[in-house]
Amino acid sequence: MLSGSSAFQFLLKCASIPLFHVQRIGFATFKFAPGGLEIMANSLYIAGAAPRSGKSAVSIGFMELFSVYGDRVGFFRPIVATPNDSVIALMTERYRLSETPSSYYGCLAEEAHELTAAGNKDELTKAILEKFKALEAHYDLVICEGSDFSGAAPGLEFDFNLELANHLGCMVVPVLNGKGRKHWEISDDIQAIDAALAERHCQVFAIAVNRTPAALRAEILHALAGRIAAQAPVYLLAEQPILDMPTVGEVAAALGAEHISGNPDGLSREVLHFKVAAMELPHFLDHVEDGSLIITPGDRSDIIVGTLLADASENYPQIAGVLLTGGLPPAPQILKLIDGLARSRVPLLMVGSDTYLTATAVNAVEPHLAPGNPRKVAAALGLLEGQLDRAALNGRFTLGEAKHITPLRFEYELIQRAKKERKHIVLPEGAEERILKAAEILLLRDVVDITLLGDPEQIRRTIAQLGLRLDKARIIDPTHSELRQRYAAALHAARSHKGVTPQMAWDMVEDVSYFGTLMVHLGDADGMVSGALHTTQHTIRPAFQVIRTRPGASLISSVFLMSLSDQVVVYGDCAVNPDPTAEQLAEIAITAAATASRFGIEPRIAMLSYSTGDSGSGTSVDKVREAVRIARQRAPQLKLEGPIQYDAAVDASVAHTKMPDSEVAGHATVFIFPDLNTGNNTYKAVQRTSGAVAIGPILQGLNKPVNDLSRGCTVTDIVNTVAITAIQAQQDA
């Protein structure tokens, strides 16, 4: 018997379909023999088998992978509730889709219901098909996400989506919801879905089960063995609570609430509970839980003030937000008091409806993936990562080979390479908001293990205020750590020849940069990333003093990986050596070429100057010319050109005029600047004027990886730099 879920009742009649032999069992994945001749399709249809299946999280996982390995990947939804669909907005922004917004959906839900009610289902299908084919003409592959369960019975709507997938010529990925279900219920539902797909002659790419309890995975696999006719794998996706909770901002948007006060960053916090405050303040405070959205009439000044004080107090949980009802703004005196709480993160919202209707509406708000919420995007991407790769796509889709490394592909492969051999990275600036947000993303995607340094109370308070989930991160206070004595002894041994006494070493180790560096030096961490708050010198001086240069390296230098709109290139040295000699410049070029190769960039090196070839002279250009001679002598295999001006290095037409016989000119990927002044200003100019992402500085020549951040770094910069540090640690092991 099936589980009894209403979403699957219509599938009972399929139970007698013959089963096929299980060919291979993998970790949470089955591979089955095909049920006949498979017709190739070059688009995917993600269909939810029930309400709140989490299909958008699956959609972005496939979108990410295909965008990395395919040429041009589009996104389509057959039916949307509103032209401003949040999932379409996310996909168009993240994957830089350039068609008009209306190109990415078939029709509005209101139109679909009218056509269906009038018996014109065929007209609805034709309208959707016409828009899908128009979009498909612009892309090599399209990810199509099925309609939401906004009107029809779940079983009928799922049936409609399967039928539509066949009309559109898409392979299907049904998505089931495993939350709160027994292992036998999940396995029965998978079998029912499998039978329905076979009956409808659907081309199946995979079956995904969202929110699968970790404890049930083995039992589900055992229950499925030999009992299913699937033509494709079954992916059991982990439960990720962040994806199931609406944010304060989503509640505000759904209710049309006015944002009265509070830090806008607080709108991205998840609502774990909502509490209707109807009792007096002392009794109400006993019911407050972490992540609560407090719903109360706007004239309840006691509740408003008490809630904000509770959030500020270490004796009460953190509040997600306050939602005022009845269209009653707080009294002027209360607003004046709130305005004075400049550091309050609690959003204060107001709606016109009464408290009962408001609470009912809040309870009905569904979470969505949308632009501007990197935490949810990271959680969604982490679901399919590790279960799906290019090998899984070969033979089922025709994918073009990327002509060059795009920024999206580069960042994706950084994460994937870092995940292959998990490393432990220490982040000394543990209380910094950007560091904590990046740490959560890295843990959500299961990239590295993380240690945060700093005052544990302050770090935990900031984590709570931001509404982050960092339970898996280790927190160490250098001042009181049991490691301090061991690290002080190691620092004294390394620096005693410079006059560092045991007491001086003890004091120095209290500094987070020294403590983090010694963690790496002594093998308690594999790498360190810092610099969001500290200067470059403060970050890297301990590494110079303790970790030192690797054998064969005479200096430490740096490069930036510059993620431009259509490729990733290397800039060096932009952070460490103010005025390198010709010998040092040659070494920087050779080391930068090795770094480029390490990260999949073919090194074509341009030794930059204000003159190209033999056209100029002077102390600076002569230094570059000598550096070119030394580099060619030491590494004759490298493609290297110089002296060369920047325009001749990047513009093929200029290169044809100035250096027509050069294989580097016009196509350079590694740019070596003659001094720090030129390099630092150039990378910042390119970053600020072109919107390029500057990853780094990445330090070269150290025995173990320590990398610096710009103090203006973004959360994305930190995530990428940590991934790079982990990859360096893998290769240094």
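Angle of helix 484-495 to the longest C-alpha principal axis of the chain, folded into 0 to 90 degrees and rounded to 10: 30°.
Taken as Cα centroids, segment 656-733 and segment 273-318 sit 48 Å apart, rounded to the nearest whole angstrom. Under 5 Å from the amide H of ARG604 lie the amide H atoms of THR669, VAL670, each residue being 5 or more positions distant or on a separate chain, with H modelled from the backbone and absent for Pro and chain starts. Working ranking of peptides 329-339, 590-600, 703-713 by packing, defined as the average number of other Cβ atoms within 10 Å per residue, highest first, is 703-713, 590-600, 329-339.
Take every Cα pair under 8 Å whose residues are at least 6 apart in sequence, average their separation, divide by the length of the chain, and the relative contact order is 11 percent.
Each 5 Å bin from zero up to the one holding the largest Cα-Cα distance in segment 51-139 carries the following percent of pairs: 3, 13, 22, 23, 20, 12, 5, 2, 0. Legend: distances between Cα atoms for LYS179/LYS419; LYS498/LYS704; LYS376/LYS437; LYS55/LYS275; LYS55/LYS420; LYS623/LYS704; pairs beyond 20 Å are LYS179/LYS419; LYS498/LYS704; LYS55/LYS275; LYS55/LYS420; LYS623/LYS704.
Under a 5 Å amide H cut-off, with hydrogens placed 1.01 Å from N, ASP651 pairs with GLY666 among residues at least 5 apart or on other chains. Taking amide H as placed 1.01 Å from N in the peptide plane, VAL568 has its amide H under 5 Å from the amide H of ILE405, each at least 5 places away in sequence or on another chain. Which whole-number percent is the relative contact order of segment 571-682 (Cα, under 8 Å, 6+ apart)? It rounds to 41 percent for segment 571-682.
Annotation for GLU280 and ARG474: the two label points, set 7 Å from Cα along the Cα-Cβ direction, are 5.0 nm apart.
Treating the angle as unsigned and between 0 and 90°, give the value, to the nearest 10°, between the Cα long axis of helix 433-444 and the longest Cα principal axis of the chain. On a 0 to 90 degree scale, this one is about 60.
Quotient of the Cα radius of gyration of segment 552-666 and 2.2 N^0.38 Å, N being its number of residues: 1.01. A simple rule links phi to the HN-Hα coupling: the Karplus curve 6.51 cos²θ - 1.76 cosθ + 1.60 with θ = phi - 60°, which for segment 301-315 gives 4, 5, 5, 4, 5, x, 5, 5, 5, 4, 5, 6, 7, 6, 8 Hz, with x for Gly and Pro.
For segment 89-105, 3J(HN,Hα) computed residue by residue from phi via the Karplus equation (6.51, -1.76, 1.60; θ = phi - 60°) reads 4, 5, 5, 5, 6, 5, 9, 6, 7, 10, 6, 5, x, 5, 6, 9, 9 Hz, glycine and proline entered as x. Given a 1.4 Å probe and every protein chain left where it sits, what share in percent of the accessible area of the chain is carbon and sulfur? Carbon and sulfur: 53 percent of the exposed surface of the chain.
Over the chain, accessible surface divided per residue gives 41 Å², non-protein components excluded, 1.4 Å probe.
Look at the dipole of segment 611-733 built from charges on Cβ: of SER615, HIS656, VAL670, the Cα furthest out on the positive end belongs to VAL670. Placing +1 on each Lys and Arg Cβ and -1 on each Asp and Glu Cβ, with no other charges, gives the chain a dipole about its Cα centre of roughly 1720 debye. Computed over the Cα atoms of segment 181-252, the ratio of the radius of gyration to the Kirkwood radius (Rg/Rh) comes to 1.09. In this simple spin-label model, placing a label point 7 Å from the Cα along the Cα-to-Cβ direction at both GLU457 and SER617 gives a separation of 7.0 nm.
Length gain on complete extension for the stretch LEU533 to ASP302, per 0.36 nm per residue less the alpha carbon to alpha carbon distance?
Additional length available on full extension: 79.3 nm.
The 3J(HN,Hα) values that the Karplus relation (6.51, -1.76, 1.60; θ = phi - 60°) gives for segment 169-183 are, in residue order, x, 9, 6, 10, 10, x, 10, 9, 10, x, 5, x, 10, 6, 5 Hz. Gly and Pro appear as x. Dividing the mean sequence gap of close Cα pairs (under 8 Å, 6+ apart) by how many residues segment 493-576 holds gives a relative contact order of 21 percent. Relative to the current alpha-carbon distance between ASP290 and ALA685, full extension at 0.36 nm per residue lengthens the span by 137.8 nm. Normalised size of segment 292-368, defined as Cα radius of gyration per 2.2 N^0.38 Å with N residues, equals 1.10.
Taken over the alpha carbons of segment 83-241 as equal point scatterers, the Debye sum produces base-10 log I(q)/I(0) values at 0.13 Å⁻¹ of -0.73.
Panel note: the C-alpha atoms of segment 95-134, placed on their principal axes, show extents of 38, 18, 12 Å (largest first). To the nearest Å, what is the center-to-center distance of segment 524-560 and segment 175-193, using C-alpha atoms only? Segment 524-560 and segment 175-193 have Cα centres spaced 51 Å from each other.
The values are calculated or read from the model by the stated rules, or taken from the named source; none is laboratory data. These figures come from a predicted structure and were not determined experimentally. Cβ coordinates were reconstructed from backbone atoms using ideal geometry, including for glycine residues, and neighbour counts include every protein chain displayed. The area values use the complete protein model at the heavy-atom level, side chains included, leaving out ligands, DNA and RNA. Shrake-Rupley method; radii C 1.70, N 1.55, O 1.52, S 1.80 Å.
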